[in-house]
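Enquirer: What follows is a structure written as structure tokens; I'll ask about it next.
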Amino acid sequence: MSADVTVSGDATAHMDAAAELAASTTAYFRGLQGRICTAFEALEPSCRFEARSWSKPAGHRLQGGGESRVMRGAVFEKVGVNVSHVWGVLEPRSRAQVGGAEESDGRFLACGISLVAHMTNPYVPAVHMNLRYLATSRAWFGGGSDLTPTFPFEEDTQEFHEALRRACEGFRPGAYALFKAWCDRYFYLPHRQEPRGVGGIFFDDLMSDNPAAELAFVRAVGEAFLEVYPRIVARRKDTPYDEEARERLLWKRGRYVEFNLVYDRGTRFGFSTDADPEAYLMSLPPLVRW
């Protein structure tokens, strides 16, 4: 896969190697997408995910595409699980937003899985997960997962963090503490002076001479999410609630929207690449109040 831009032989070799890694990473993301959707459908009494594939036309500066899966039901008021794999040339005005893009004359490739679940029951926490690989003049992995309850339960918070801590253990010493603190800083609303939720982990710009180790870590995070979140949903989904609790949920979602439209790097990257608006705005809830 290549873009219509003149680059040196070294740059071409770099992008070819990145493309090979992106292909294997995307294969994992697609498999994870399927397994997550199956696990979520098992918790939903009568609904199934609806899949929509998208791709850019030949000759467009962006190539590739992805698949968006969305389900709206009794338990999951709205949940989306998207996988994308795109490459091409960023517009000059967008290159400063992506590390290494100016040095690569805008040439880039990216793949990722992104998930956001907004729940009907106020006692079931909303959740986000994103895992990605991006290459310009350099290449790196990023991502993470975080929990956003309206009514926090210490049991849920501890179990969620413990699963992510175990995923970090085999990567490098101190990774969990580092990535937890990074998450707490990132998922913070400065204009509200409050955190978005109870955190999780966040990491970016992971690059070394051993990308296989970084991919193994990304996979471990994906597996940790699949292990822990359906269990939390099953525990809380039948909790009785009243209209007051539901109103508080809609208010909490307002904070979520503010963060995703103002601060979220993934949303900004989606706009800068002119990918699929329905995919990168999938995180917005169906109902919200301020």
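Enquirer: I'd like to know if region 72-87 contains one or more residues that are surrounded by fewer than 16 Cβ atoms within 10 Å (Cβ to Cβ) and either at pLDDT 95 or above or under 23 Å from the mean Cα position of the chain (by Cα) (or both).
Expert: Yes, some residue in region 72-87 is surrounded by fewer than 16 Cβ atoms within 10 Å (Cβ to Cβ) and either at pLDDT 95 or above or under 23 Å from the mean Cα position of the chain (by Cα) (or both).
Enquirer: Still on this structure, please answer the following. Within region 108-119, restricting attention to residues that are buried (at least 23 other Cβ atoms within 10 Å of the Cβ) and touching a Ser or Thr at 6+ places or on another chain (Cβ under 7 Å), which residue is nearest to Leu281 (Cα to Cα)?
Expert: Across region 108-119, the extreme among qualifying residues is Gly112.
Enquirer: Right, next: Kindly indicate which of Ala245, Ala212 is part of a helix (DSSP H, G or I), aliphatic (A, V, I, L, M), surrounded by fewer than 21 Cβ atoms within 10 Å (Cβ to Cβ) and out of contact with any Ser or Thr (no Cβ under 9 Å at 6 or more places or on another chain).
Expert: Unique residue meeting the criteria: Ala212.
Enquirer: Being within 22 Å of Thr267 (Cα to Cα) and touching a helix residue (DSSP H, G or I) at 6+ places or on another chain (Cβ under 6 Å) narrows it down to one of Gln63, Gln97, so name that one.
Expert: Gln97
Enquirer: Moving to a separate point now. Can you tell me which residues in region 78-132 are among the hydroxyl-bearing types (Ser, Thr, Tyr) and within 30 Å of Glu243 (Cα to Cα)?
Expert: Correct list: Thr120, Tyr123.
Enquirer: Please go through region 181-199 and pick out each residue that is in contact with a Lys or Arg (Cβ under 8 Å, 6 or more places away or on another chain) and either part of a helix (DSSP H, G or I) or in contact (Cβ under 8 Å) with a residue 60 or more places away in the chain (or both).
Expert: Here is the first cut: in region 181-199, the ones in contact with a Lys or Arg (Cβ under 8 Å, 6 or more places away or on another chain) are 187-189, 192, 194, 196, 199.
Across region 181-199, the qualifying residues are Phe187, Leu189, Arg192, Glu194, Arg196.
Enquirer: Hey, another quick one. If you go through region 165-180, how many residues are among the charged types (D, E, K, R) and part of a loop (DSSP other than H, G, I, E, B)?
Expert: 1
Enquirer: Pick from Glu20, Glu50, Glu41: which is modelled with pLDDT of 95 or more, out of contact with any helix residue (DSSP H, G or I) (no Cβ under 7 Å at 6 or more places or on another chain) and closer than 28 Å to Phe217 by Cα?
Expert: Glu41
Enquirer: Please identify the pairs in which a residue from region 49-65 that is polar (S, T, N, Q) has its Cβ atom under 7 Å from the Cβ atom of a residue that is at pLDDT below 90, counting only partners at least 6 apart or on another chain.
Expert: Matching pairs, first to second residue: Gln63/Met1; Gln63/Lys56; Gln63/Gly88.
Enquirer: Which residue pairs have Cβ atoms under 8 Å apart, sit 6 or more places apart or on different chains, and have a first residue in region 200-216 that is in contact (Cβ under 8 Å) with a residue 12 or more places away in the chain and over 20 Å from Glu20 (Cα atoms) and a second that is surrounded by 15 or more Cβ atoms within 10 Å (Cβ to Cβ) and of a type in the set (Val, Ile, Thr)?
Expert: Ile201/Val221
Enquirer: Residues of region 98-146 being of a type in the set (Asp, Glu) and assigned to a strand (DSSP E or B), which ones?
Expert: Of everything in region 98-146, just one residue is of a type in the set (Asp, Glu) and assigned to a strand (DSSP E or B), namely Asp146.
Enquirer: A further question follows. Consider region 48-90. How many of its residues are part of a loop (DSSP other than H, G, I, E, B) and among the small types (Gly, Ala, Ser)? Full working, then the answer.
Expert: Residues of region 48-90 that are part of a loop (DSSP other than H, G, I, E, B), as a first pass: 48-49, 56-61, 72-75, 90.
Now narrow it down to the ones that are among the small types (Gly, Ala, Ser): 58-59, 73-74.
Residues that pass the stated criteria total 4.
Enquirer: Of the residues Ala177, Ala135, Ala167, Ala163, which single one is without any contact (Cβ under 8 Å) to a residue 60 or more places away in the chain and touching a helix residue (DSSP H, G or I) at 6+ places or on another chain (Cβ under 6 Å)?
Expert: Ala167
Enquirer: I would also like to ask the following. I'd like the residue in region 89-99 that is surrounded by fewer than 24 Cβ atoms within 10 Å (Cβ to Cβ) and in contact with a strand residue (DSSP E or B) (Cβ under 8 Å, 6 or more places away or on another chain) and, out of all such residues, is nearest to Leu284 (Cα to Cα).
Expert: The first filter runs over region 89-99 and keeps only residues surrounded by fewer than 24 Cβ atoms within 10 Å (Cβ to Cβ), leaving 89, 91-99.
Next, from what is left, pick out any that are in contact with a strand residue (DSSP E or B) (Cβ under 8 Å, 6 or more places away or on another chain): 89, 98-99.
Working: Val89: 27, Val98: 23, Gly99: 26 Å.
The qualifying residue nearest to Leu284 (Cα to Cα) is Val98.
The values are calculated or read from the model by the stated rules, or taken from the named source; none is laboratory data. Owing to the predicted nature of the structure, the values given are computational and were not obtained by experimental measurement. Every residue, glycine among them, receives a Cβ derived from its backbone with ideal geometry; neighbour counts consider all protein chains shown.
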